[in-house]
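As structure tokens, the structure follows; a few thoughts come after it.
The values are calculated or read from the model by the stated rules, or taken from the named source; none is laboratory data. From a predicted model like this one, the values you see are computed outputs, not experimental measurements. Positions of Cβ are backbone-derived with ideal geometry, glycine not excepted, and every protein chain shown enters the neighbour counts. The accessibility values were calculated without ligands, DNA or RNA, using every heavy atom of the protein model including side chains. Shrake-Rupley method; radii C 1.70, N 1.55, O 1.52, S 1.80 Å.
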Amino acid sequence: MVLNVPFGDMKLRYQEIRKDIDEAVQRVLSSGYFILGPELEAFEKAFAEYLGVKYAVGCASGTEAIYLALAAAGVGHGDEVIVVAHTAVPTISAISMTGAQPVFVDIDPASYVMDVSKIQAKITDKTKAIVPVHLYGQMVNLDPILALGQEMGIPVIEDVAQATGATYKGKQAGSIGAFAAFSYYPSKNLGAFGDGGAVTTNSKEGYEKLLKLRNYGQSKRYYHDEIGINSRLDEIQAAILAAQIPYLDGWNKRRREIARAYTEGLQDLVIVPQENDDSVHVYHLYVIQSNDRDGLQKYLAEKGIGTLIHYPVPAHLQKAYEYRGYKRGDLPVTELITRRILSLPMFPELSDEQVAYVIAEVRNYHLKNPSAQLVYSPDVFSTSQTVSNPA
Ligand SMILES: Cc1ncc(COP(=O)(O)O)c(C=O)c1O
């Protein structure tokens, strides 16, 4: 029997909360107010409250949220920004948009996020920000980065695009760095029905600058204090997002339940995600490592199971960033896991039957192909260690 398990299905969220969404959209349409109005103000307030942060500023996408956060932190032409290459490339595009150069550090093999022990060696007098990316819903171990940033006078800007609702030592992702950037791309843990993003901060000065930067640099109409852009979260998306905040924790809880089932069902055959101590992972993506990723992906597709690779080519090896002069071998952990990773279906509306089916088929493939099996040995958890490729 083949059961259809898509990688994602955005219709399901709408079906679940149709009444709230329809009501929100109708309210905006009837108001005649579409840009920078009361819905955005209400959403920004509610989102900031949810996070426990002073200010949230809605904008047009996660990419622009990162750009605006960097610009508000004063990052510009000729500066350097320390970041991982194992991320969605928009993290890096946003750095480039400021005129700064991305400086790549490797990741920790157990958690897939920034290896904090690699940062210090990359700091120069041009370093103007560090951007930890809370990838797949897992928060970076921020304390050592914040301490380093503080010591060197370098702001830490969180990329929270994939981790809305995650926590670190009881604090929400996006409430800790000098600034934080969120994406509301539809499939995100909190997603719009279109594009959207936000920047959060506890700095009043930073907040005031962000308000200008997202709106042509205006302090008041036709008076431009900053070189700004147009990056606003429109009223319809703001109303849709506000309607979803009450559901977010429940959806994240369901993601964690699915993750627990996957982990229990698969950990003897493939490498499963490891959760950092002190943090709550919200599983935007559930990413395994197999020794025959491509064979597994093809097999799962034949069985009706959608999968994706996040990401097949790390940023330092992308054509667009060739000019930076990185070469294969520069980020060994990133490059190694790029060949092994596969994202399984992960969204709150998955049924228990679908989850069980995915587990059964991933197991079947690895039981039939023992050379594809891959499990962690304890020493691989050491962040100072590079994993050797047994393949
Ligand atoms: C880690 C990360 N950063 C930044 C972005 C960019 O967000 P957006 O697609 O809303 O521009 C994304 C989403 O694609 C992301 O996953």
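Just a few scattered comments:
- The range 40-57, residues that are more than 21 Å from residue 132 (Cβ to Cβ) and open to solvent by 30 Å² or more (accessible area, probe 1.4 Å): 41, 42, 45, 46, 49
- Per-region count, the range 1-44, residues in the same structural domain as residue 238 (by TED's automatic domain parsing) and touching a Lys or Arg at 6+ places or on another chain (Cβ under 9 Å): 5
- Residues of the range 289-329 that are within 23 Å of the chain's Cα centre (by Cα) and in a loop (DSSP other than H, G, I, E, B): 290, 306, 307, 309, 310, 311, 312, 313, 314, 318.
- Given (1) of a type outside the set (D, E, K, R); (2) more than 15 Å from the ligand (Cβ to nearest atom); (3) open to solvent by 10 Å² or more (accessible area, probe 1.4 Å), number of the condition residue 187 does not satisfy: (2)
- Residue satisfying condition, being open to solvent by less than 50 Å² (accessible area, probe 1.4 Å), within 30 Å of residue 330 (Cβ to Cβ) and hydrophobic (A, V, I, L, M, F, W, C), within set 69, 60: 69
- The range 253-284: number of residues that are within 16 Å of the chain's Cα centre (by Cα) and open to solvent by less than 10 Å² (accessible area, probe 1.4 Å): 4
- The range 4-29 residues that are within 30 Å of residue 360 (Cα to Cα) and open to solvent by 60 Å² or more (accessible area, probe 1.4 Å), paired with ones that are among the small types (Gly, Ala, Ser) and at pLDDT 95 or above (beta carbon under 6 Å, 6 or more apart): 4/304
- Taking the range 217-237 as the range and being open to solvent by 50 Å² or more (accessible area, probe 1.4 Å) and more than 27 Å from residue 27 (Cα to Cα) as the test, the residues that pass are 219, 220, 222, 223, 224, 225, 226, 227.
- Which numbered condition residue 200 misses (of (1) assigned to a strand (DSSP E or B); (2) in contact (Cβ under 8 Å) with a residue 60 or more places away in the chain; (3) within 14 Å of the ligand (Cβ to nearest atom)): (3)
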